[in-house]
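Enquirer: I'd like to ask you about the structure that follows.
The values are calculated or read from the model by the stated rules, or taken from the named source; none is laboratory data. Being a predicted model, the structure only gives us computed values, none of them experimental. So basically every Cβ, Gly included, is an ideal-geometry build from the backbone, and we count neighbours across all protein chains shown.
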Amino acid sequence: MLTIKNLHASVDGMEILKGLDLEVNAGEIHAIMGPNGAGKSTLGNVLAGREGYEVTAGEIIFRGKNLLDLEPEQRACEGVFLAFQYPVEIPGVNNTYFLRTALNAQRKYRGEPELDSAGFLRMVREKLEILHIGDGLLHRAVNEGFSGGEKKRNEIFQMAVLEPALAILDETDSGLDIDALKTVADGVNRLRDETRAMLVITHYQRLLDYIIPDKVHVLAQGRLVVTGGADLALKLEEQGYAWLEDGGIEALETDGANEGPNS
Amino acid sequence: MSREQSTIDKRVEQKYQHGFVTDIESDTLAPGLSEDVIRFISNHKGEPEWLLDWRLNAYRHWLGMRQPEWAHLKIDAIDFQKISYFSEPKADKDRPQSLDEVDPKLLETYDKLGVPLHERARLAGVAVDAVFDSVSVGTTFKKELSKAGVIFCSFSEAVRDYPELVRKYLGSIVPPRDNFFAALNSAVFSDGSFVFIPRGVRCPMELSTYFRINAAETGQFERTLIIAEENSQVSYLEGCTAPMRDENQLHAAVVELIALEDANIKYSTVQNWYPGDEHGVGGIYNFVTKRGDCRGARSRISWTQVETGSAITWKYPSCVLRGDDSVGEFYSVALTNNYQQADTGTKMIHIGRNTRSKIISKGISAGQGQNAYRGLVRITPRADNSRNYTQCDSMLIGKRCGAHTFPYIEVRNPTAKVEHEATTSRIGEDQLFYCLQRGISEEDAVSMIVDGFCKQVFRELPMEFAVEAKALLEVSLEGAVG
């Protein structure tokens, strides 16, 4: 579904990603872990096409298309969804209206008929029920005055409505208490299916207790330096990231990670 | 040039949609201002002696006044001798008695503007008075309104038919000497609308006046006077357009509102005068004095304005809260694009006890537009337990525009409570990217963000005009954003 080859990207002239390779298949959940400043969020922003993130080399193929040729809104319509680390407030814009506009823009792009408000509302209520989220957020302005947990839940809710092919969760766990974390993880798990891929970007292993990834990658110094199974996350939790500095990669690999780097 | 910037420029290039000129024969007075011109206007309208004197007094005072310079505006010098002070569509000597006698071309003009004056207007359920250049060309729904005891007519008719009411209230809240432009208006005002709601009457429909400048090199100087007697209610809306011309044209109006005990006046404006072209050439100078007098206890006056047009806007719809427990409100959206400038805001003068005022101002600047909010909240010593809440938000679109806030707060009563909140935001790249990432196009995203920003004001407008205002804002911003 997603193939990234030798990706180099810079922000303000500073190279952040330095030759990143990644292959994600439909139905898989990949976790991207790594120390602060390693470029985890940059990867999410580059995939979504945010202005200011300049790709200097490499390619990204998403469902057969060169993603780098597409504008951000086209990428969204092609099925790329980014759950923001810091969801943005849009005062005065009703959350339901916002989401319906987004969904209909995407449907139009794909040549599907737009949903009227009644049809949309029916669908939205079904999703809320599946996610166990109350309908309170339907009546509020987009993220305005939402608590940190509500914002993250709203991201998952949007994801459920837009049904993306590739969902990128950028530090969705940051700032959440354990209950909110469980709700969010539970939502993600319910959206998990064989047609959809997810990229879970996180600093801590904690989220991966609830969202079990198929693969875990460690992003450091602009590259994916280690790849392993779900248990790799536990190792990282125990050992931190410091070992990356002193040649610990090999130790970690031989220490039970069931797959080699970039396998 | 960034992507945002280029879309901004694209939208800025959007053309003004009401810029057509109606080819109609007009009698237009030669440019120039003198006592003779004033005598001509007054005589032409068959005005009583006292009104001529009133005009002449205003004029003599105006001669000694100077154009104010305190606003955050760059105004090219205005040559008051180059303006024609009166223009009316040529018609038979007798004014048309009904709309059927109005020149079809005029009716067509109003149709084009989306203000049908003819029978069809009945469907809309809004009574309309249309002012074309210097004169009122027709008022709809007159009969229905008079059944309720409501007077809604042109100012000239009011002078003729209800002189005692006009004399009692004219200039009672905006005196002829109030300021430079009010004095000029008092001297040369040609027409406008007059509304009288008698005691205990709730006006059965929305009242509306549509102003249009058509003739070249003319100024428009209308006067609106609205009187709401005890325990009455009225909602009034004005709209404005003008053709595209290279010269600047002057519009200096005066609006006076008087609310007696328990009366409620809601005054909404959708101002869409020609703003000038993308290089700042032409456009209307909109220098307007609007003031409401909450004269009676528990009266309420609410101003709502959506200002998207004009090259320069200088305007401060205000409330004098004289009656105890009276309430004044001001809701404003002011948009400046290209080289437009606006210095607008309000004054809330608290005199009565327990008076309350609320100010919600939303300024949007795009292109090289300059937008200033200027507001005065004055609590006088008598005004025990008065309260004011002011919220003043500015949004910048692009990097070449400006937003400025000049709040003046004078509190001379220790029991008063005054709150002021102000924010300035650049239309967030973050907000924009968030919308794009959900699949929403740039243009739709900007409309949505701006609409959300203005929501608090739009919801104060009568329903049908809220839709118009929203559409107008989108058109005015088209291309402005990215």
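Enquirer: Counting only residues that are within 30 Å of residue B:235 (Cα to Cα), at the interface with chain A (Cβ under 7 Å from one of its Cβ atoms) and not aromatic (Phe, Trp, Tyr), give me the helices (runs of 4 or more DSSP H) lying completely in the range B:416-482 with at least 2 of them.
Expert: Passing ranges, in order: B:442-458.
Enquirer: Within the range B:284-313, how many residues are small (Gly, Ala, Ser) and within 17 Å of residue B:472 (Cα to Cα)?
Expert: 3
Enquirer: Under 26 Å from residue A:74 (Cβ atoms), among the β-branched types (Val, Ile, Thr) and part of a helix (DSSP H, G or I) - does that describe any residue in the range A:115-130?
Expert: Scanning the range A:115-130, I find at least one residue that is under 26 Å from residue A:74 (Cβ atoms), among the β-branched types (Val, Ile, Thr) and part of a helix (DSSP H, G or I), so the answer is yes.
Enquirer: Same structure, new question: I'm trying to understand the selection: among the residues of the range B:363-382, which are of a type in the set (A, V, I, L, M, F, W, C) and either under 19 Å from the mean Cα position of the chain (by Cα) or in a strand (DSSP E or B) (or both)?
Expert: If the condition is that a residue be of a type in the set (A, V, I, L, M, F, W, C) and either under 19 Å from the mean Cα position of the chain (by Cα) or in a strand (DSSP E or B) (or both), then B:364, B:372, B:376, B:377, B:379 are the ones that fit.
Enquirer: Does residue B:67 qualify as being modelled with pLDDT of 85 or more and surrounded by 13 or more Cβ atoms within 10 Å (Cβ to Cβ)?
Expert: So residue B:67 fits the description; yes.
Enquirer: Can you tell me how many residues within the range B:335-349 are more than 18 Å from the chain's Cα centre (by Cα) and assigned to a loop (DSSP other than H, G, I, E, B)?
Expert: 3
Enquirer: Could you go through the range A:51-62 and let me know if any residue there is within 24 Å of residue A:114 (Cβ to Cβ), surrounded by fewer than 23 Cβ atoms within 10 Å (Cβ to Cβ) and not aromatic (Phe, Trp, Tyr).
Expert: no
Enquirer: Considering each of A:28, A:78 in turn, give the residue that is within 11 Å of chain B (Cβ to nearest Cβ), surrounded by 16 or more Cβ atoms within 10 Å (Cβ to Cβ), under 14 Å from residue A:168 (Cβ atoms) and touching a residue at least 60 places away in the same chain (Cβ under 8 Å).
Expert: When all the criteria are applied, what remains is A:78.
Enquirer: Of the numbered conditions (1) away from chain B (no Cβ under 11 Å); (2) touching a Gly at 6+ places or on another chain (Cβ under 8 Å), residue A:119 fails exactly one; give the number of that condition.
Expert: Residue A:119 satisfies every listed condition except (2).
Enquirer: Residue B:409 fails exactly one of the following numbered conditions: (1) within 23 Å of the chain's Cα centre (by Cα); (2) more than 10 Å from every other protein chain (Cβ to nearest Cβ). What is the number of that condition?
Expert: Unmet condition: (1).
Enquirer: Out of A:145, A:187, report the one residue that is surrounded by fewer than 21 Cβ atoms within 10 Å (Cβ to Cβ) and away from chain B (no Cβ under 12 Å).
Expert: Result: A:145 is the single residue among A:145, A:187 that is surrounded by fewer than 21 Cβ atoms within 10 Å (Cβ to Cβ) and away from chain B (no Cβ under 12 Å).
Enquirer: Of the residues that sit in the range A:46-66 and are within 14 Å of chain B (Cβ to nearest Cβ) and without any contact (Cβ under 8 Å) to a residue 60 or more places away in the chain, which one is nearest to residue A:213 (Cα to Cα)?
Expert: Filtering first and then ranking leaves A:46.
Enquirer: Would you pick out the residues in the range B:188-236 that are over 13 Å from residue B:154 (Cβ atoms), aliphatic (A, V, I, L, M) and modelled with pLDDT of 90 or more?
Expert: B:188, B:197, B:201, B:226, B:227, B:228, B:234 - these are the residues of the range B:188-236 that are over 13 Å from residue B:154 (Cβ atoms), aliphatic (A, V, I, L, M) and modelled with pLDDT of 90 or more.
Enquirer: Could you tell me whether the range A:82-89 includes any residue that is part of a strand (DSSP E or B) and closer than 24 Å to residue A:217 by Cβ?
Expert: Looking for residues that are part of a strand (DSSP E or B) and closer than 24 Å to residue A:217 by Cβ, one finds at least one in the range A:82-89, hence yes.
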